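Take a look at the structure set out below.
The values are calculated or read from the model by the stated rules, or taken from the named source; none is laboratory data. Just so it is clear, the model here is predicted, and its values are computed rather than measured. Positions of Cβ are backbone-derived with ideal geometry, glycine not excepted, and every protein chain shown enters the neighbour counts. For the accessible areas, the whole protein counts, side chains as well, though only heavy atoms, and no ligand, DNA or RNA atoms are used. Shrake-Rupley method; radii C 1.70, N 1.55, O 1.52, S 1.80 Å.
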Amino acid sequence: CQPKSFPSQTIGMIMTTRASSLLSFLALCITFLGTRTAAFRSSLLFSASALSRKTTAANKGWFEPRYYSRSLPALAMTSYPVPRREEDRVVYAGAAPEGWDASVPRQSEESTEKLLDPPVAIKDPYGWMRDMKREKPEILDHLKAENEYTQSVIKHLEPLQKKLYDEFLSAIQETDYTTPRPRGHYWYYTRTFEGKSYRQYCRAPKTEDSFHVEWDGKAESPILEGEEVYLDVNLLAVNKSYCSIGAAKLSPSQKYLAYSVDFKGDETYEVHVRDLENGKDYPLTATGESKPLETSGTVFWGKDEKKLFYMTMDPTHRPYRLYSREDWQSDAPVDKLLKEEPDDVYWTHAYKSLDGQYVFFETASSETSEVWFMKLEGESNEMQCIAPRRTKVLYEVEHGHGDWWIWTNVDNSPNMKLMKAPAKADCVSEWELVVDADGKALFDGNIDLALDSVTTLQTHVVVQGRYGGIPRVWLYDLATKKLERLGFDEPAHDVGMTTQYEFDTKSIAVSYDSLVTPLQTIEIPLSGSSENRKVLKAKEVPGYEKELYGCDRLHVRSRDGKTDIPISVVYRKDVMDKVKAGERVPVHLYGYGSYGSCCEADFSSTRLPLLERGMIYVIAHIRGGGEMGRSWYEEPNGAKYLCKKNTFFDFCDVAKYLVDNWTKPEMLSCEGRSAGGMLIGASINLNPELFRVAILGVPFVDVVGTMLDASIPLTAGEWVEWGNPNEEKYFQYMMEYSPMNNVKEGVQYPSCWLTGGLHDPRVQYWEPAKFVATLRHANPNSKNPICMKIDMSAGHFSASDRYKYLKELSI
């Protein structure tokens, strides 16, 4: 997805859970590919026999285009909807064309690149599908027609969908809980219940330093003695088609809860405060108005219950203002604007230091950042700057023990280095590398060690990053200056620090899993040996037998002859035995490769139905991601700006390796989501013959059409990710890979499944809609169908209801 968090942070962010665990519509691949018997293969959807059915005397194919009116027939549709084309419709790249809104910039204020002048016209025959208000009848009718067509195509698969849904459910413990974590006098955790779509937020009195769960597995039984429910999302979601919690923050005294909630899927959040003593809910309203206060989802408390902090968005859905609110429970609350970022290229984020002493306002593009701070104790209510922004210098900050702990690429280091300085304004001249007892820098920004985040505690600093392409966690003892890396047995895995509420703590907890090991929460002591660890909770996966599965970390040489592309592979051992014996088997290839974000080798129970049907699952850690550090992402050898094509070349090179060694094109499927959908679109344009199936989830496929128009949410901030096609430097290069502008005619594309969300603010619904129409128009006689499913009540992250999500996945 296109992340709102900052580029030096790994985006497990980017989704409701870690990105590589959210796999959209894999069941479709099972239908295409996943089978262990010849009899089942013969009934595959879109098989040659099905596609050879004739429907007219003219001998036209089953998937012949059908022009439609708003009056749609109730019977099953046998041909796809064909939207009208406006052949003379164009968009312009370059200088502002005649009639352009002067308030919408054509390039960033900082750019010195030359605009195309005169502007260049780019055909956009389906541009009429764009409707920012989502209310034009013709467009809504078209989307509904697409959904009806798709449903008619897959209707005969309903028994299989039901079976897959049951398999997904059988592999999760529906009534479950998360690992309790301490905060003050309570343990905090969440619970889920069989038949309920959303979670409950719970807490229980903390009487000891450790907890003991003696739970009988029943929904009515508490996890810990004295359990109380302080937020039930199931109740919030009553009569709502969508419900997603953005933040849930407890006040310092733990008497109040401030939470943000999105009821539409467009990532606009209301804010509520709940009195945990009497259960009363206070919905916050906009100043001087009765309508709900609309925020970016960020909300947190000050030093006490008197003051709240929240962020608002500009018209392009960019978080840009930080406010404080006093007297929040009164009819006349007092709001104060603390900081604003006017530049559309910069996205902002606000947070409170773990020790509770400071509020930070961070503003950043993918290349440049700046951090402002305000001390919560004291007379000053003004934000101050730690270090003014400098082009292509990124830095992030946490506070601890009177110092700023800073991770930064200052002085052009390949990766982020760890530095510190006195906690004051304008201190850049005092930044110094953090060293060990021997005076050696811990993280000096070298190419081998990638640093992602820093958490300061009373006695230690916890550093998270990567080494050898694998996530790592280090503990730095402030007293001894000793640095220790936590070790784990499996060579390829995912590990990261869990939620940490307390600055003064004797231990931390990390989450750990791998492609074959379900999620565990492990307690790590900060004093003594870190090897004295304790598994606090291991996720139950009913019916899963770990010994039946294997996983590998391999490398594929890219076409440049020098770059090794890591791939993570998971499979049933008996299936890999067939491969070793020379048999070709179905393979599913997943990738992302943008923003420096990482696809981790983690566990997913929804992957099991694929593996059980004889498929091998492969994650390609291609350039553009951050798996091998920032050089894997940045120019000149990564995949950004004028080397973005490396992302697509790497993916196709991995596909060719799989075809040469394990599978064949008619048994290879591929998948990507959001910017990963762009990856799939570009890859099937490059090598359509390599794939039998392509899944494009909420795909960013109209790269040039979107990036030349800053009125579309996210666009201006993305100029420092892809380049700006309005500028001479980037126009031609971006035109050469933008999926929408490179669809080939007369080519057999793979069967394609595209998804979108009507209220998606990150990748607009019209991108998949236009791409589907473009693919069909270019290849009207293709035997491979192209289907699209638009969720009319969700946004970028699909269904918020966990059962609806699994039902969508089973499709």
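Candidates Arg607, Arg623, Arg584, Arg630: the one that is surrounded by fewer than 24 Cβ atoms within 10 Å (Cβ to Cβ) and in contact with a helix residue (DSSP H, G or I) (Cβ under 7 Å, 6 or more places away or on another chain) is Arg584. Condition (residue is more than 33 Å from the chain's Cα centre (by Cα), on the phi < 0 side of the Ramachandran plot, modelled with pLDDT under 95 and of a type in the set (S, T, N, Q)) applied to the range 103-110: is it met by at least one residue? Within the range 103-110 (the criterion being more than 33 Å from the chain's Cα centre (by Cα), on the phi < 0 side of the Ramachandran plot, modelled with pLDDT under 95 and of a type in the set (S, T, N, Q)), the answer is no, since none of the residues qualifies.
Residues checked against (1) under 19 Å from Trp301 (Cα atoms); (2) among the acidic types (Asp, Glu); (3) touching a residue at least 60 places away in the same chain (Cβ under 8 Å):
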residue	(1), (2), (3)
Tyr346	no, no, yes
Tyr351	yes, no, no
Ser369	no, no, yes
Ser380	yes, no, no
Tyr395	no, no, no
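Quick one: would you say Ser597 is open to solvent by 10 Å² or more (accessible area, probe 1.4 Å), of a type outside the set (A, V, I, L, M) and farther than 21 Å from Ala694 by Cα?
No: the conditions fail for Ser597.
Remark: Leu668 matches the filter, which requires a residue to be farther than 21 Å from Ser597 by Cβ and not polar (S, T, N, Q). Asn381 passes every criterion in (1) at pLDDT 95 or above; (2) surrounded by fewer than 16 Cβ atoms within 10 Å (Cβ to Cβ) apart from (1). The range 471-563 holds strands (runs of 3 or more DSSP E) entirely within its bounds, and those carrying 2 or more residues that are in contact (Cβ under 8 Å) with a residue 24 or more places away in the chain, within 30 Å of Val575 (Cβ to Cβ) and in contact with a helix residue (DSSP H, G or I) (Cβ under 6 Å, 6 or more places away or on another chain) map to 549-557.
Go through the residues of the range 213-228 one by one and say whether even a single one is touching a His at 6+ places or on another chain (Cβ under 7 Å), part of a strand (DSSP E or B), surrounded by fewer than 21 Cβ atoms within 10 Å (Cβ to Cβ) and not aliphatic (A, V, I, L, M). No.
Checked against (1) surrounded by fewer than 21 Cβ atoms within 10 Å (Cβ to Cβ); (2) touching an Asp or Glu at 6+ places or on another chain (Cβ under 6 Å), Glu767 passes all but condition (1).
For the range 146-184, the set of residues classified as over 16 Å from Pro609 (Cα atoms), open to solvent by less than 30 Å² (accessible area, probe 1.4 Å), part of a helix (DSSP H, G or I) and not hydroxyl-bearing (Ser, Thr, Tyr) consists of Glu146, Val153, Ile154, listed by residue number. Listed by first and then second residue, the pairs with beta-carbon distance under 8 Å, at least 6 apart or on different chains, first residue in the range 97-121 and over 27 Å from Glu87 (Cβ atoms) and open to solvent by 50 Å² or more (accessible area, probe 1.4 Å), second of a type in the set (Gly, Ala, Ser) and part of a loop (DSSP other than H, G, I, E, B), are Ala102/Ala96. A search for C-beta distances below 6 Å between a residue of the range 784-811 that is in contact (Cβ under 8 Å) with a residue 24 or more places away in the chain and open to solvent by less than 10 Å² (accessible area, probe 1.4 Å) and any residue that is in a helix (DSSP H, G or I) and charged (D, E, K, R), counting only pairs 6+ apart in sequence or on different chains, returns Met788/Glu146.
Leu515 - would you say it is surrounded by fewer than 19 Cβ atoms within 10 Å (Cβ to Cβ), under 30 Å from Gly638 (Cα atoms) and within 29 Å of the chain's Cα centre (by Cα)? Criteria not met by Leu515.
Among Ala421, Ala437, which is farther than 26 Å from Gly496 by Cβ, in contact with an Asp or Glu (Cβ under 8 Å, 6 or more places away or on another chain) and either modelled with pLDDT of 95 or more or not in a loop (DSSP other than H, G, I, E, B) (or both)? Step by step, each of Ala421, Ala437 is checked, and only Ala421 is farther than 26 Å from Gly496 by Cβ, in contact with an Asp or Glu (Cβ under 8 Å, 6 or more places away or on another chain) and either modelled with pLDDT of 95 or more or not in a loop (DSSP other than H, G, I, E, B) (or both).
Could you check the range 703-811 for helices (runs of 4 or more DSSP H) lying wholly inside it with 1 or more residues that are of a type in the set (Gly, Ala, Ser)?
Qualifying helices (runs of 4 or more DSSP H): 703-707, 715-722, 766-778, 802-810.
Number of residues in the range 528-545 that are loosely packed, with under 12 Cβ neighbours inside 10 Å and either modelled with pLDDT under 95 or farther than 21 Å from Leu486 by Cα (or both): the value is 7.
When you scan the range 265-351 for strands (runs of 3 or more DSSP E) that lie fully inside it, which ones turn up with 2 or more residues that are open to solvent by 20 Å² or more (accessible area, probe 1.4 Å) and over 17 Å from Gly717 (Cβ atoms)? Give the derivation first.
Values: elements: 270-275, 281-283, 299-301, 307-313, 319-326, 334-340.
Per the criteria, 270-275, 281-283, 319-326, 334-340.
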